[in-house]
Amino acid sequence: MTPQNSKTLSEKNQALSILINRDGLSFLTYNPATKEVGRLKSYDFQENVAEEELHEYIKKYLAEQGVTDQSYSDVRLCIANNLSTFVPEPLFDENKRATYLEDHADIRKHDFVSFDNVSSTDAVNVYIPYVNVNNMFLEMFGSFSYVHASSLLLDILSKKAADIEKNNPYWVVHIQHSLTYFFVFTNGQLAFYNTFSWQNETDLLYYALAVAKNNKIDLNKATLWLSGRISHRDETHQLLSNYVNTTHFLMTSKALKTSNVKLLHPHHHNLLLELHACEL
C-alpha cells in the first residue's frame, strides 16, 4: 500500500475506505476501535467514465454523500483497473517498473507507475493509478494510502489459501463492474493472473473457459471461487455453473461488523471489507 501525505489527519473515531473504477465507486466508514461499519454505499456511473474526468465524478458523489465534510483517522483507496501486472520480487527493479507494463498496457510518457509489495506471496504488483484521483484525495483528506485491487485480492487469497484448497489447483474470478480478475493457484502458489473487460455473460464465459484451457484446469475437479458482483443463481452464476462442476462464493474474514448495514451479499464487497486490514 502506497502512502500519500500532505498534512496530518485529524484524530477522529471514523475511518474511510473507498473502492473506485471507471464504472462506479463504493465506500464505507467504520469505527477502528469497535470495527463497527457505520455506512456502506455503492454507486454506478451511467457510463464508463474517461480517466481524465473520473475524479470529478468521484468528487461530486462523495460531496453529495457528505463524505468530504468530515475528517478521518485513516483513509484508504483501492484502485480497480486493468493496468497492472505481477513481477516476482527477486526480479523486480524499481527503476525499470514502467518496462514491466509494456506488454500489458499502453504506457504514455507522462504516466506515473506505482507498485505494491505483496509480501505474502513474494510478488510485486506494478500498475498505473489514477493520478487525478490521487491528487484530489490529497486535497480533500490531506493524507491517504492506496493499493491496486489485484494486489488486495492476491493478499486476501494468499491469506485464505489454507481455508480453500492449498494443495489442489483452484481458480478465482472477481467481478468488479466491467472488469473481471482471474487468478489460478497451484499448490497454494499463484500460477496465473489476468484482467479482462466484459460486456455480457457470454464474454465472461469465453474468458473463463480460455483461462481454464490455457492453465489445464479440470472443470470437473477444480473449484471456481467467486467474488464481487455475482450472486447465487443469477444469470452469470448459472452460465458458469453449466460448465464448471463446483463453484463457491469467497467470503471475507468478517473482521468488520456489518450488522448496521445489513449486507444481503457480503461477497459483493470483499475488497471494500478487507481494505482496512491491508498491510501492503
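The values are calculated or read from the model by the stated rules, or taken from the named source; none is laboratory data. Bear in mind that the values here come from a model prediction, so they are computed numbers and not experimental data. Cβ: placed from backbone, ideal geometry, glycine included. Neighbour counts: every protein chain shown.
Quick look at the numbers
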{"item": "Criterion violated by residue 61 - all others in (1) modelled with pLDDT under 95; (2) in contact with a strand residue (DSSP E or B) (Cβ under 6 Å, 6 or more places away or on another chain); (3) not in a strand (DSSP E or B) satisfied", "result": "(1)"}
{"item": "Test for residue 223: is it within 21 Å of residue 153 (Cα to Cα) and either surrounded by fewer than 19 Cβ atoms within 10 Å (Cβ to Cβ) or touching a residue at least 12 places away in the same chain (Cβ under 8 Å) (or both)", "result": "yes"}
{"item": "Count of residues meeting criterion [free of Cβ contacts under 8 Å to residues at least 40 places away in the same chain and among the polar types (S, T, N, Q)] in the range 108-124", "result": "1"}
{"item": "Filter result for residue 194 (surrounded by 15 or more Cβ atoms within 10 Å (Cβ to Cβ) and free of Cβ contacts under 8 Å to residues at least 60 places away in the same chain)", "result": "yes"}
{"item": "Pairs where the first residue, in the range 258-272, is among the polar types (S, T, N, Q) and the second is modelled with pLDDT under 90, C-beta under 6 Å, 6+ apart", "result": "270/252"}
{"item": "Test: residue in the range 228-237 that is in a loop (DSSP other than H, G, I, E, B), touching a Leu at 6+ places or on another chain (Cβ under 7 Å) and hydrophobic (A, V, I, L, M, F, W, C)", "result": "no"}
{"item": "From 112, 92, residue being surrounded by fewer than 22 Cβ atoms within 10 Å (Cβ to Cβ) and either closer than 24 Å to residue 179 by Cα or β-branched (Val, Ile, Thr) (or both)", "result": "112"}
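Yes/no per residue for (1) assigned to a helix (DSSP H, G or I); (2) surrounded by fewer than 18 Cβ atoms within 10 Å (Cβ to Cβ); (3) under 18 Å from the mean Cα position of the chain (by Cα):
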| site | (1), (2), (3) |
| --- | --- |
| 121 | no, no, yes |
| 125 | no, no, yes |
| 134 | yes, no, yes |
| 151 | yes, no, yes |
| 157 | yes, no, yes |
| 180 | no, no, yes |
| 210 | yes, yes, no |
